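Take a look at the structure below.
The values are calculated or read from the model by the stated rules, or taken from the named source; none is laboratory data. All figures in this text were calculated on a predicted structure; none of them were measured in a lab. With ideal geometry, Cβ positions are generated from the backbone for all residues, glycine too; neighbour counts draw on all protein chains shown. SASA here: full protein model, heavy atoms, side chains in, ligands and nucleic acids out. Shrake-Rupley method; radii C 1.70, N 1.55, O 1.52, S 1.80 Å.
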Amino acid sequence: MSNIIIGDALPNIPWEDKPKGCSDVVWRYSGNPIIGWNPIPKAARIYNSAVLPYNGKFVGTFRADQKNGRATLFFGKSDDGIHWNIGPDPINWVDENGKPNPISYGYDPRFVKIDDTYYIVWCDDMHGASIGLGKTKDFKTFIRMPNPFMPYNRNGVLFPRKLNGKYMILSRPSDSGHTPFGNIYISESPDLIHWGKHRFVMGNGGSGWWQGTKVGAGPIPLETKEGWLLFYHGVSFTCNGFVYSTGAVLLDINDPGKVLYRTRDYLLTPEKPYETTGFVPNVAFPGGILNDATTGRIALYYGAADTYTAVAFCQVDELIDHIKKNSEVF
Ligand code: BMA
């Protein structure tokens, strides 16, 4: 039992107890990866994706690299959060009047429900990487909204509720290429259209090297009695390129621009063959989260090696205790 998560009971999220002898705070699903190469006819690789509960089952928005190599977004459904039925075609975006409004490319979606609407935030092409924003209420009509920010920006993550009457979003200003820098900022909006009050939240660095190059927000923040629990990716730069690991941070519940505790060491780093070998080796990129308030169970969805979708688990009380005891805020 747990009483830390402020949210719903979701007893049927994917779960596996920590293996005997494992001392890690976050452990991998034994059936990983849950989505492998060429999972549907129109996609070669599905990864860096996001999921939500829906009517006792699950829905997801998926980054899919098509067979021409170009990334786009697909929608899918699942009874158990492990086996996914992903639509045969990319999401068919329209404008507010129902006219086609296709995206040029889309990747790394985050998925959030605010009130009665489901929002997707992704990396969009606006003459360069920018944040895309869209919404749906029925998973049939997907409406594109104005881009929250000008290029270049990635890793947009909406909070699941308004704070002090404002929508809140995290983002990571970047460059037009494979950005060698990156800090997380927060912005707010009264209407999801006009964004401002931009503030710095957290940057790269620390005593370790795993998050020394850049950081970006992961899945939507999870509301807890100890603050907003946010998983994020930290990147180090090696002679063979970037390495993407996963850490977590607790943000102040009323002022999420303020970092309370932050993992000094990574929680998950590429180790398994499906993380170290693939289209882009050495990537463990968190993008989705399911949680059960009753037990404190968390299922974390992450993209592995820009090829696979994988799941890891943790228990919220143990994780928060670990973050507090092994924190480095800088
Ligand atoms: C980032 C994004 C992610 C990807 C990562 C590693 O810039 O493109 O989608 O997982 O690089 O290639």
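Quick notes on this structure:
- Strands (runs of 3 or more DSSP E) within the stretch 159-203 that include 2 or more residues under 26 Å from I6 (Cα atoms) and open to solvent by 30 Å² or more (accessible area, probe 1.4 Å): 184-189, 196-202
- When P90 is tested against (1) buried (at least 22 other Cβ atoms within 10 Å of the Cβ); (2) farther than 20 Å from P190 by Cβ; (3) not basic (K, R), just one condition goes unmet, and that condition is (1).
A quick yes/no check of all residues on (1) more than 17 Å from A299 (Cα to Cα); (2) of a type in the set (A, V, I, L, M):
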site	(1), (2)
N38	yes, no
I46	yes, yes
G56	no, no
F62	no, no
Q66	yes, no
A71	yes, yes
F75	yes, no
D80	no, no
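- Of all residues in the stretch 250-260 being more than 19 Å from the chain's Cα centre (by Cα) and in contact (Cβ under 8 Å) with a residue 60 or more places away in the chain, the one that is surrounded by the most Cβ atoms within 10 Å (Cβ to Cβ): L260
- In the stretch 306-323, the residues that are more than 14 Å from D17 (Cα to Cα) reach residues that are part of a helix (DSSP H, G or I) and at pLDDT 95 or above with C-beta atoms within less than 7 angstrom, at least six apart or across chains, in these pairs: Y308/Y274; A310/Y274.
- A search for C-beta distances below 8 Å between a residue of the stretch 87-110 that is within 15 Å of the ligand (Cβ to nearest atom) and any residue that is assigned to a loop (DSSP other than H, G, I, E, B) and open to solvent by 40 Å² or more (accessible area, probe 1.4 Å), counting only pairs 6+ apart in sequence or on different chains, returns Y105/R70.
- Taking the criterion of being under 17 Å from G288 (Cα atoms) and either more than 16 Å from the ligand (Cβ to nearest atom) or surrounded by fewer than 24 Cβ atoms within 10 Å (Cβ to Cβ) (or both), the residues of the stretch 225-245 that qualify are W228, L229, L230.
- Unmet criterion (only one of (1) of a type in the set (A, V, I, L, M); (2) more than 27 Å from F159 (Cβ to Cβ); (3) open to solvent by 60 Å² or more (accessible area, probe 1.4 Å)) for A44: (3)
- Residue within the stretch 224-234 that is in contact (Cβ under 8 Å) with a residue 12 or more places away in the chain and outside any strand (DSSP E or B) present: yes
- Residue check, P219 of a type outside the set (S, T, N, Q), open to solvent by less than 10 Å² (accessible area, probe 1.4 Å) and more than 16 Å from the ligand (Cβ to nearest atom): no
- Between G182, G128, G156, the distinction of being within 14 Å of the ligand (Cβ to nearest atom), of a type outside the set (F, W, Y), touching a residue at least 24 places away in the same chain (Cβ under 8 Å) and under 16 Å from G257 (Cβ atoms) belongs to G156 only.
- The residue that is farthest from the ligand (Cβ to nearest atom), among those in the stretch 262-283 that are open to solvent by less than 10 Å² (accessible area, probe 1.4 Å) and within 23 Å of F111 (Cβ to Cβ), is L268.
- Checking V249, V259 one by one, the residue that is away from the ligand (no atom under 16 Å from the Cβ), closer than 20 Å to V121 by Cβ and touching a strand residue (DSSP E or B) at 6+ places or on another chain (Cβ under 9 Å) is V249 and no other.
- Count of residues meeting criterion [open to solvent by 50 Å² or more (accessible area, probe 1.4 Å) and either within 16 Å of the ligand (Cβ to nearest atom) or farther than 24 Å from N38 by Cβ (or both)] in the stretch 66-86: 1
- In summary, I103 fulfils each of the numbered conditions (1) crowded, with 22+ Cβ neighbours inside 10 Å; (2) aliphatic (A, V, I, L, M); (3) not in a strand (DSSP E or B) with the single exception of condition (1).
Residue-by-condition table, conditions (1) in contact (Cβ under 8 Å) with a residue 60 or more places away in the chain; (2) crowded, with 17+ Cβ neighbours inside 10 Å:
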site	(1), (2)
M1	yes, no
G7	yes, no
P11	yes, no
P14	yes, yes
V25	yes, yes
R28	yes, yes
I34	yes, yes
A64	no, yes
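- The set of residues from the stretch 284-301 being within 10 Å of the ligand (Cβ to nearest atom) and within 19 Å of T61 (Cβ to Cβ) comprises F285, G287.
- Of I298, I323, all but one fail to be open to solvent by less than 30 Å² (accessible area, probe 1.4 Å) and touching a Cys at 6+ places or on another chain (Cβ under 6 Å); the exception is I298.
- In the set D116, D124, only one residue is among the charged types (D, E, K, R) and more than 18 Å from the chain's Cα centre (by Cα); that residue is D116.
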